[in-house]
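The values are calculated or read from the model by the stated rules, or taken from the named source; none is laboratory data. Just so it is clear, the structure is predicted and the values come from calculations on it, not from any experiment. Cβ: placed from backbone, ideal geometry, glycine included. Neighbour counts: every protein chain shown. These accessible areas exclude ligands, DNA and RNA; they are computed on the full protein's heavy atoms, side chains included. Shrake-Rupley method; radii C 1.70, N 1.55, O 1.52, S 1.80 Å.
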Amino acid sequence: MAKAFSGIQPTGEITLGNYIGALRNWQPDPGSFYCVVDMHSLSQPWEPAELRENIRSTAALLLALGLGEGSHVFVQSHVPEHAELAWILNCLGRMGELSRMTQFKSKGRGKVDVSVGLFTYPLLMASDILLYRVEEVPVGEDQKQHVELTRDMAERFNSRFGPVFTVPAPRIAKLGARVMSLRNPLEKMSKSDPDPNSKILLSDGEDAISKKIMTAVTDSGREVAYDPKEKPGVSNLLEIASILSGESVAALAERYRDQGYGAFKRGVAEIVVAAVRPLREKVEGLLEDPAEIDRQLEQGRAAAEREAKPMLGQVKRAIGLV
Ligand code: TYM
């Protein structure tokens, strides 16, 4: 299996979009590293107590998925090589290429009070990936451009200073790469959406999940059919249900075709509840044993350091710092 690296920002609001687009595709392979990217969360305003709690609950989620057993789970700020390489890449990245990042354009461009970190954040992300010599980066569609920038940085570095970095590629699933908002199926489901009904959280209970799906925006007409252009709301729900149940989109559409949106949504809600409940219960169980979380994170940190330290040493030698 190809070695992989991926990361998720710690928030208390991890969504079904994060799970379907990314977490579900993270494989517990011994050469792979999965990271709670806490330093990325400093690129936007934060509350210290909240951040501390969210780092822990996000780590618990990755451990609940079994990623601490077959692969390595760690917290970004526990491995200072990430910040150190990020500075070096800051000095090799270009204003022009960072200005083209669509995520920066949507969150920050034109505003004077956004942090410098929000602008340079893709180079911290490139550092995360390049420290681990991985071939693959499993992410949702919205992170593709950042992984492409990482490839460009690796190639530019290698051609100037010699072959130091492995050039990674994004791994994006065909179905579910962009789970859409339940309130506006033309926009992605996002942790930062202020409307709680737009997103299903992995911490949501059964009633909340059912209510959000029953009130999801659907399209005109009453036929259940997969057509992302004409029926984006229904198609989004069909994709979610297909991925979580393992049944094909075509089979689900066929079953619910003439049953109306109410029966269809009840079916989708059942599938989502059945997928989210065991995960939520596992996370809650782990959070009751903070010592076990710390033990696994320390193991992950030590494994990450074994890769990151020599890699940064190689970079420093190549560029003339050592
Ligand atoms: P973040 O924390 O915003 O999201 C984590 C992962 O979830 C995916 N995702 C989605 N996939 C499908 N549909 C959605 N609606 C949806 N919303 C989010 C994201 O694509 C991502 O894969 N910059 C990254 C974190 C990061 C990282 C890295 C990722 C930092 N360093 C190195 C990979 C490798 C971010 O903010 O993801």
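Annotations for the structure displayed:
- Residues (surrounded by fewer than 21 Cβ atoms within 10 Å (Cβ to Cβ), of a type in the set (Lys, Arg) and within 14 Å of the ligand (Cβ to nearest atom)) located in region 189-212: Lys191
- Odd one out for Val322 among (1) closer than 26 Å to Gly70 by Cβ; (2) surrounded by fewer than 16 Cβ atoms within 10 Å (Cβ to Cβ): (1)
- Restricted to region 4-15, and to residues there that are of a type outside the set (S, T, N, Q) and open to solvent by less than 50 Å² (accessible area, probe 1.4 Å), the residue that is farthest from the ligand (Cβ to nearest atom) is Gly12.
- Of residues in region 204-239 being polar (S, T, N, Q) and modelled with pLDDT under 95, the one nearest to Ala250 (Cα to Cα): Thr218
- Taking residues in region 115-139 that are closer than 15 Å to Glu81 by Cβ, and partners anywhere that are hydrophobic (A, V, I, L, M, F, W, C) and part of a loop (DSSP other than H, G, I, E, B), the pairs with Cβ atoms closer than 7 Å and at least 6 places apart or on different chains are Leu124/Met39; Asp128/Val37; Leu130/Phe165.
- Gly162 within 30 Å of Met1 (Cα to Cα), away from the ligand (no atom under 11 Å from the Cβ), in contact with a helix residue (DSSP H, G or I) (Cβ under 6 Å, 6 or more places away or on another chain) and of a type in the set (Gly, Ala, Ser): yes
- Selection count, region 119-147, where residues are surrounded by fewer than 19 Cβ atoms within 10 Å (Cβ to Cβ) and within 12 Å of the ligand (Cβ to nearest atom): 4
- Scanning region 66-91 for residues that are open to solvent by 30 Å² or more (accessible area, probe 1.4 Å), modelled with pLDDT of 95 or more and closer than 21 Å to Glu307 by Cβ yields His72, Ser77, His78, Pro80, Ala83, Glu84, Trp87.
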